[in-house]
Amino acid sequence: MKLNTNSNAYIIIYSTVLVVIVAFLLAFVFKALKPMQDANVALDVKKQILYSLNIRGLDGQEAEAKYAQVVKSEEKVGEKLYYVCDIDGQKKYVFPLKGMGLWGGISAFISVNDDLNTIFGAYFNHESETAGLGAEIKDSQEWQEKFQGKKIFGDDGQLAIGVVKKVENAASEVDCVTGATLTSNGVSDMLRNGLSEYIEALK
């Protein structure tokens with residue numbers, strides 16, 4: 001009996017078998033690659049933590065080794081995780097933050113000196129901010145370095161760190177990214193709201 005390849009039944013069966021095979025292959029590839037993907041994500045997080053500690057320019061193996069050397073422990077305030085580190089014999093604390101920019105999520109790692117008030121370093125990341133504008137929070141190391149030495153709290157003990165259009169309090173404020181006011185506002189909100197969740201550790 002000759003198979004009618006033009007029949008509706010043949011086309012439906014052929015398509016179904018093809019979809020099942022492709023789905024199986026995709027699931028197999030995803031499962032096979034997932035450990036590698038997870039390892040890459042974990043390494044990226046470690047690199048970001050190191051960036052916030054002003055340690056940059058390391059390849060994968062170097063970053064893994066340096067992370068193991070400087071990150072001494074992971075602590076929690078409630079459900080919020082932070083990192084206790086040692087840089088040249090000086091204790092530093094690294095706090096992960098998350099917020100919203102203009103087009104999507106933004107995040108940061110902020111390292112703080114042992115006085116729990118002075119920022120040692122900062123690294124910012126984003127999901128989809130505009131290239132050359134809001135994306136500068138990630139791409140501009142020079143802008144990130146403006147946070148070094150800034151105070152988290154004002155003289156009144158309240159959170160004072162922020163990103164503003166016009167700096168009036170040089171001890172705690174950083175100029176916003178040129179042409180990216182809304183992203184800068186998101187960074188400022190993230191700093192205030194995020195660090196407020198770590199008050200128990202910072203105080």
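The values are calculated or read from the model by the stated rules, or taken from the named source; none is laboratory data. Nothing here was measured: the structure is a model prediction, and the numbers come from that model. Methodologically, a virtual Cβ is constructed for each residue, glycine included, from the backbone with ideal geometry; neighbour enumeration extends over all protein chains shown. What goes into the accessible areas is simple: the full protein's heavy atoms, side chains included, and nothing from ligands, DNA or RNA. Shrake-Rupley method; radii C 1.70, N 1.55, O 1.52, S 1.80 Å.
What is the extension gain from THR181 to ASN6, computed as 0.36 nm multiplied by their sequence separation minus the C-alpha to C-alpha distance, in nm to one decimal?
Answer, rounded to one decimal: 57.0 nm.
Specify whether the C-alpha gyration tensor of region 1-144 places it in the rounded, prolate or oblate class, a ≥ b ≥ c being the square roots of the eigenvalues: rounded for a/c under 1.5, otherwise prolate if a/b is larger than b/c and oblate if not.
The shape class here is prolate.
Positive end of the dipole of the chain, charges at C-beta (+1 Lys, Arg; -1 Asp, Glu), about the Cα centre: which of VAL17, LEU133, PHE147 has its Cα farthest in that direction?
The residue sitting farthest along the positive end of the dipole is VAL17.
Are there GluC sites (Glu not before Pro) in region 1-96 that DSSP marks as loop and that have at most 13 other Cβ atoms within 10 Å, and which are they?
Of the GluC sites (Glu not before Pro), the ones in loops of region 1-96 whose Cβ has at most 13 other Cβ atoms within 10 Å are GLU79.
Identify the residues of region 106-140 with backbone N under 11 Å of a label point that sits 7 angstrom from the Cα of ASN193 along the Cα-to-Cβ direction, or state none.
It comes to 106, nothing else.
With the full set of protein chains in place, find how many percent of the accessible area of region 59-203 is carbon and sulfur; take the probe as 1.4 Å.
Details: 3290 of 7420 Å².
Of the solvent-accessible surface of region 59-203, carbon and sulfur hold 44 percent.
How much accessible area per residue does region 1-120 have, in Å², with a 1.4 Å probe?
Numbers: 7900 Å² over 120 residues.
Spelled out: the 1.4 Å probe surface of region 1-120, per residue, equals 66 Å².
About the Cα centre of region 74-203, how large is the charge dipole given +1 on each Lys and Arg Cβ and -1 on each Asp and Glu Cβ? Please answer in debye to the nearest 20.
160
For region 72-78, in order, what is each residue's ³J(HN,Hα) by Karplus, 6.51 cos²θ - 1.76 cosθ + 1.60 with θ = phi - 60°, in whole Hz (x at glycine and Pro)?
8, 6, 10, 10, 10, 10, x
Taking loop as defined by DSSP and a crowding limit of 11 other beta carbons within 10 Å, which trypsin sites (Lys or Arg not before Pro) in region 1-80 fit?
Taking region 1-80 and a limit of 11 other Cβ atoms within 10 Å, the loop trypsin sites (Lys or Arg not before Pro) found are LYS2.
Suppose only helical runs count, i.e. DSSP H with n ≥ 4. What mean residue ellipticity at 222 nm does that imply for the chain under -39500 (n - 2.57) per run, divided by all residues and rounded to the nearest 500 deg cm²/dmol? Don't skip to the end; give the middle numbers.
Values: 6 runs with 84 residues, N = 203.
Counting only the DSSP helices, I get -13500 deg cm²/dmol.
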